[in-house]
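See below for the structure under consideration.
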Amino acid sequence: MQNSYHVAMADLPPVEADGSSRDPGVLDGLLRAAVEVDNRAWREVFGHDDFTNIPEAYLQSLAQQQNARKRLLLALTGPVFASGQEAGLPLLQPHDDPGDAVVVGTCMIMQSRHDNLHLLDGFEVTVDPDHRRRGVGTMLVRAVETVARDWGVDTLISWGTHENGEGRDDALHPREGAFSIARDVPARFALRHGFSLAQCERHSVQRVHGTQVSVPHLPHGYELVQWINETPEELLEAKARLNLAMSTDVPKGELELEDEVWTADRVASSERDTYRNWMGLTTAARHVDSGELAGYTNIRRRPQLPAVAWQEVTIVLASHRGNGLGELMKAANLEWLRREWPRTERVHTWNAGENQWMLAINDRLGYQVASVGGAWQKKV
């Protein structure tokens, strides 16, 4: 018998003042099922479990809404009994009855509360492999657009993982950058729903052990500063300036991204949310005479997945570039990782195809190409 599908939204109460999550109630089972749908899809795409979501961390992240408004869209079979609605969709809350519904697709959507209020950025539509080619993904995309209009959003940005398009007749190229993607199933899905390819990123992996990395000589007039997890209070203002530079200086391709607004309070709040579920190592370069932080780089990992880590932000202020600080900080942070997290085996990272300087640094550090990410944009 043909399954009947529909889309509902899940909303969790915000975290308590002490950072603890409230009881998700009867939604707990549905949300854990959504995590498993995501995990099955990631496993299929990459052939390994490095991208596994942790249910408890996922639920807490959904409830952390101080810096972003979040909703989880669920494609379901079977009826649910929701007491409310949002954007014309059933809105499930902890006291509602999910009935016998089965999760067959998911999509997390977020809207910043600080800047770029015109867009929903970074969402990905996931459909359980057993329920594909039945219109489930299309229903989720239409639901995203419905919520976008309700929230006053006019731009959607979604990311996909693709086959490398190099040397292929069917390759799709963004206007800028060195990479392309194949016209594979995710690409055809995005094009069919009116998205355009705005940027490509190279996904690279570094093998931590067996890769020889030498830390470059520290330039005269600079010193390294390192910390674990949250930024020390006395460095929050400097970190905010660097985060602002990250939003203004990195290549954006055709993505309609506005400059972000960063303050010390926003850095502290964002990091409090992050490090409830992650561990982080940060290496920064400080200009000795002025005391200014010239740049920083950060690697994170989940406590539950000690073998895999994620290279996050690397930024150097324009006035300090040309001194080799980017490569120095990344190499020093990697050496620290080997000492601090000896069980870590792999580090994943993504870099825009236009960012030839960082790509060259990663090549020298031993990163190997794993896949190509595509940033897809649509005006609602």
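The values are calculated or read from the model by the stated rules, or taken from the named source; none is laboratory data. Keep in mind the model is a prediction, meaning the values are calculated, not measured. Using ideal geometry, Cβ is built from the backbone for each residue, glycine included, and neighbour counts are taken over all protein chains shown. Just so you know, the surface numbers come from the protein's heavy atoms only, side chains and all, with ligands and any DNA or RNA stripped out. Shrake-Rupley method; radii C 1.70, N 1.55, O 1.52, S 1.80 Å.
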- Give me the pairs: first residue in region 262-283 and more than 18 Å from ARG241 (Cα to Cα), second residue open to solvent by 40 Å² or more (accessible area, probe 1.4 Å) and of a type in the set (Lys, Arg), beta-carbon distance under 6 Å, and six or more apart or on different chains, which are they? TRP278/ARG300; GLY280/ARG300
- Query: Residues of region 29-50 being small (Gly, Ala, Ser) and surrounded by 19 or more Cβ atoms within 10 Å (Cβ to Cβ), which ones?
  - Reply: ALA33, ALA34, ALA41
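Just to be sure before I move on: is ALA143 crowded, with 19+ Cβ neighbours inside 10 Å and not acidic (Asp, Glu) in the structure I sent? Don't jump to the end; show me each part of the working.
On the way: crowded, with 19+ Cβ neighbours inside 10 Å: yes; not acidic (Asp, Glu): yes.
In short, yes.
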- Message: Just to be sure I understand, how many residues within region 274-295 are touching a helix residue (DSSP H, G or I) at 6+ places or on another chain (Cβ under 8 Å) and not hydrophobic (A, V, I, L, M, F, W, C)?
- Response: 8
- Can you tell me which residue within region 189-211, out of those that are farther than 20 Å from GLY177 by Cβ and not in a strand (DSSP E or B), is farthest from the chain's Cα centre (by Cα)? GLY210
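What number of residues in region 328-357 are surrounded by fewer than 22 Cβ atoms within 10 Å (Cβ to Cβ) and either among the charged types (D, E, K, R) or within 30 Å of LEU191 (Cβ to Cβ) (or both)?
Within region 328-357, the subset surrounded by fewer than 22 Cβ atoms within 10 Å (Cβ to Cβ) is 331-332, 335-346, 348, 350, 353-357.
Next, from what is left, pick out any that are either among the charged types (D, E, K, R) or within 30 Å of LEU191 (Cβ to Cβ) (or both): 335, 338-340, 343, 345-346, 348, 350, 353-356.
Qualifying residue count, region 328-357: 13.
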- For region 210-224, state whether one or more residues are hydroxyl-bearing (Ser, Thr, Tyr), surrounded by fewer than 17 Cβ atoms within 10 Å (Cβ to Cβ) and touching a residue at least 12 places away in the same chain (Cβ under 8 Å). yes
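Can you pull out every residue in region 213-268 that is among the small types (Gly, Ala, Ser), more than 21 Å from ARG321 (Cα to Cα) and modelled with pLDDT of 95 or more? Steps first, answer last, please.
Narrowing region 213-268 to residues among the small types (Gly, Ala, Ser): 214, 221, 238, 240, 245, 247, 253, 264, 268.
This time we only want the ones that are more than 21 Å from ARG321 (Cα to Cα), so: 253, 264, 268.
Hits for region 213-268 are ALA264, ALA268.
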- Members of region 93-130 found to be closer than 16 Å to VAL35 by Cα and either without any contact (Cβ under 8 Å) to a residue 24 or more places away in the chain or out of contact with any strand residue (DSSP E or B) (no Cβ under 7 Å at 6 or more places or on another chain) (or both), listed by number: PRO129, ASP130
- Note on the structure: Matching residues in region 286-302 (open to solvent by less than 50 Å² (accessible area, probe 1.4 Å), touching a residue at least 40 places away in the same chain (Cβ under 8 Å) and of a type outside the set (Phe, Trp, Tyr)) number 7
- Task: Could you check ARG192 against (1) closer than 21 Å to THR155 by Cα; (2) of a type in the set (Lys, Arg); (3) open to solvent by less than 50 Å² (accessible area, probe 1.4 Å) and say which number it fails?
- Result: (3)
- With the first residue restricted to region 241-254 and required to be over 10 Å from THR314 (Cα atoms), and the second required to be at pLDDT below 95 and basic (Lys, Arg), Cβ contacts under 8 Å at 6 or more apart or on different chains are GLY253/ARG175; GLU254/ARG175
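Conditions tested, residue by residue: (1) open to solvent by 50 Å² or more (accessible area, probe 1.4 Å); (2) touching a strand residue (DSSP E or B) at 6+ places or on another chain (Cβ under 7 Å).
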residue	(1), (2)
ALA245	no, yes
GLU254	yes, yes
THR283	no, yes
GLN304	yes, no
VAL313	no, yes
- State yes or no: is ARG276 outside any loop (DSSP other than H, G, I, E, B) and over 24 Å from SER158 (Cα atoms)? no
